[in-house]
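S.K.: Please read through the structure below; I'll follow up with questions.
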Amino acid sequence: MKDLSKQLNALIDDYSRQLNALQDDAVYHSPKPGKWSGVEEMGHLVDSAHSNIRRFVVSQYEELPLIVYRQDEWVKISDYQQWSFQDIVQLWRMMNIQMCNIWNAMPEQSYNRLCRTGADVSDQHTLIWLAADYIKHVKHHLHHLLNLAPVNYP
């Protein structure tokens, strides 16, 4: 988990500068109806951090908690289109620093504790799997936001 924390910390540092360099007007444009704008996609990463922080904390003291993240509802309710893009980037940065701190403090015996992320029985994962998946998910969205080479993510 500590190696994953180092990876996430490096990702935070590497991408924060690039995100802050994006032009405000570009991030508020939705590519097509029903698709998130850049500011909404960045807000989605904030919401994902919220949900995952909860998973990493609660799964250490509850047996097989169910923590589902309904991304479209979170983005809509949070109304990120009205936010300052730099504020969202700063919030995302701080939440991911918190995530790294949680991962670094996690005892090794907790790495294989399970969390349910959906109603289906196959939607349960170990915390170490969730951490690795979280990093892939973040990279996927950051590459999309920054127009970098795509990162495949389901």
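S.K.: Let me confirm something: among Ala49, Ala10, which residue is of a type outside the set (Ser, Thr, Tyr) and either open to solvent by less than 20 Å² (accessible area, probe 1.4 Å) or at pLDDT below 95 (or both)?
M.R.: After ruling out the rest, the residue left standing is Ala49.
S.K.: Follow-up question, since we're still on this one. Out of everything in region 91-137 that is free of Cβ contacts under 8 Å to residues at least 12 places away in the same chain and among the hydrophobic types (A, V, I, L, M, F, W, C), what residue ends up being nearest to Leu11 (Cα to Cα)?
M.R.: Met94
S.K.: Of all residues in region 13-35, count the ones that are touching a Ser or Thr at 6+ places or on another chain (Cβ under 7 Å) and either acidic (Asp, Glu) or open to solvent by 60 Å² or more (accessible area, probe 1.4 Å) (or both).
M.R.: Of the residues in region 13-35, 2 are touching a Ser or Thr at 6+ places or on another chain (Cβ under 7 Å) and either acidic (Asp, Glu) or open to solvent by 60 Å² or more (accessible area, probe 1.4 Å) (or both).
S.K.: Now for a separate question. Quick one: count up the residues across region 82-101 that are aliphatic (A, V, I, L, M), open to solvent by 70 Å² or more (accessible area, probe 1.4 Å) and touching a helix residue (DSSP H, G or I) at 6+ places or on another chain (Cβ under 7 Å).
M.R.: The total comes to 0.
S.K.: Shifting gears a bit: Restrict the check to region 123-130 and report whether at least one residue is within 22 Å of Tyr153 (Cβ to Cβ), among the charged types (D, E, K, R), under 18 Å from the mean Cα position of the chain (by Cα) and loosely packed, with under 13 Cβ neighbours inside 10 Å.
M.R.: Checking region 123-130: at least one residue is within 22 Å of Tyr153 (Cβ to Cβ), among the charged types (D, E, K, R), under 18 Å from the mean Cα position of the chain (by Cα) and loosely packed, with under 13 Cβ neighbours inside 10 Å.
S.K.: Filter region 102-122 down to residues that are among the hydroxyl-bearing types (Ser, Thr, Tyr) and surrounded by 14 or more Cβ atoms within 10 Å (Cβ to Cβ) and give me whichever is farthest from Ala21 (Cα to Cα).
M.R.: Ser110
S.K.: Another one. Could you check region 131-154 and list, in sequence order, the residues that are among the aliphatic types (A, V, I, L, M) and either at pLDDT below 95 or open to solvent by less than 30 Å² (accessible area, probe 1.4 Å) (or both)?
M.R.: Ala131, Ile135, Val138, Leu142, Leu145, Leu146, Leu148, Ala149, Val151
S.K.: Hey, could you check region 62-81 for residues that are under 12 Å from Leu45 (Cβ atoms) and not aliphatic (A, V, I, L, M) and say which is surrounded by the fewest Cβ atoms within 10 Å (Cβ to Cβ)?
M.R.: In this case the residue turns out to be Gln71.
The values are calculated or read from the model by the stated rules, or taken from the named source; none is laboratory data. Everything numeric in this text was worked out from a predicted model, so none of it was measured. For neighbour counting, all protein chains shown are included, and Cβ atoms are generated from backbone atoms with ideal geometry for every residue, glycine included. Surface areas here come from the heavy atoms of the whole protein model, side chains and all, with no ligands, DNA or RNA. Shrake-Rupley method; radii C 1.70, N 1.55, O 1.52, S 1.80 Å.
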